[in-house]
Amino acid sequence: MAKIYSYIKYVDTQITRTLVLPYELGTELATIGDVTYVSLPDDAVLPTVQHDEIKASIQLVTLTPELRTAIKEASPHAKLISERIIEKIREQYTVDHELYLARIGVGQQQGLYTPTAAELQEIADFGVFVEGIRAWGNAERAKLGL
């Protein structure tokens, strides 16, 4: 799993100071308030030479569930993963088809409908398919430390 660092960017009328990252590694996830969060691969080492203006603010982050949620909501990278999950599902199932399967499942749970064996198999197949896509999304988020 990746590591996440936080820091406060330095910006004035002439310069912006950002985190110095290892060569071609690291992903800026999001800025929440004035704190910027950056993901580095687990085996990457953050350079010790950093700009004086930001050096004191650099911290290795311990993610709480609340912070993980906030970063996921603010991060364009996490949003793209969520969009790709939906795209992958829509390649196989339309919204109408998904709602159809959901109605069958709800009807069964409430005792209002008895699904056929084919419908039960279709619901099971859908569940396996969607969980596979969700696992892909979770693995992609894990690469970012989320």
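Can you tell which of ILE58, ILE15 is touching a strand residue (DSSP E or B) at 6+ places or on another chain (Cβ under 9 Å), over 23 Å from GLY137 (Cβ atoms) and surrounded by fewer than 18 Cβ atoms within 10 Å (Cβ to Cβ)?
Step by step, each of ILE58, ILE15 is checked, and only ILE58 is touching a strand residue (DSSP E or B) at 6+ places or on another chain (Cβ under 9 Å), over 23 Å from GLY137 (Cβ atoms) and surrounded by fewer than 18 Cβ atoms within 10 Å (Cβ to Cβ).
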Check VAL38, VAL49 and return the single one that is surrounded by fewer than 12 Cβ atoms within 10 Å (Cβ to Cβ) and either aliphatic (A, V, I, L, M) or closer than 15 Å to GLY145 by Cα (or both).
VAL49
Just wondering, is there one or more residues in the range 42-63 that are charged (D, E, K, R), at pLDDT below 95 and outside the structural domain of VAL130 (by TED's automatic domain parsing)?
yes
Is there any pair linking a residue in the range 41-56 that is of a type in the set (Val, Ile, Thr) to one that is in a loop (DSSP other than H, G, I, E, B), with Cβ under 8 Å and at least six apart or on different chains, and which?
VAL45/PRO22; VAL49/VAL20; ILE54/ILE8; ILE54/LYS9; ILE54/THR18; ILE54/LEU19
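The values are calculated or read from the model by the stated rules, or taken from the named source; none is laboratory data. What you see is a predicted model; the values in this text were computed from it and never measured. Note that we place each Cβ from the backbone using ideal geometry, even for glycine, and neighbour counts take in every protein chain shown.
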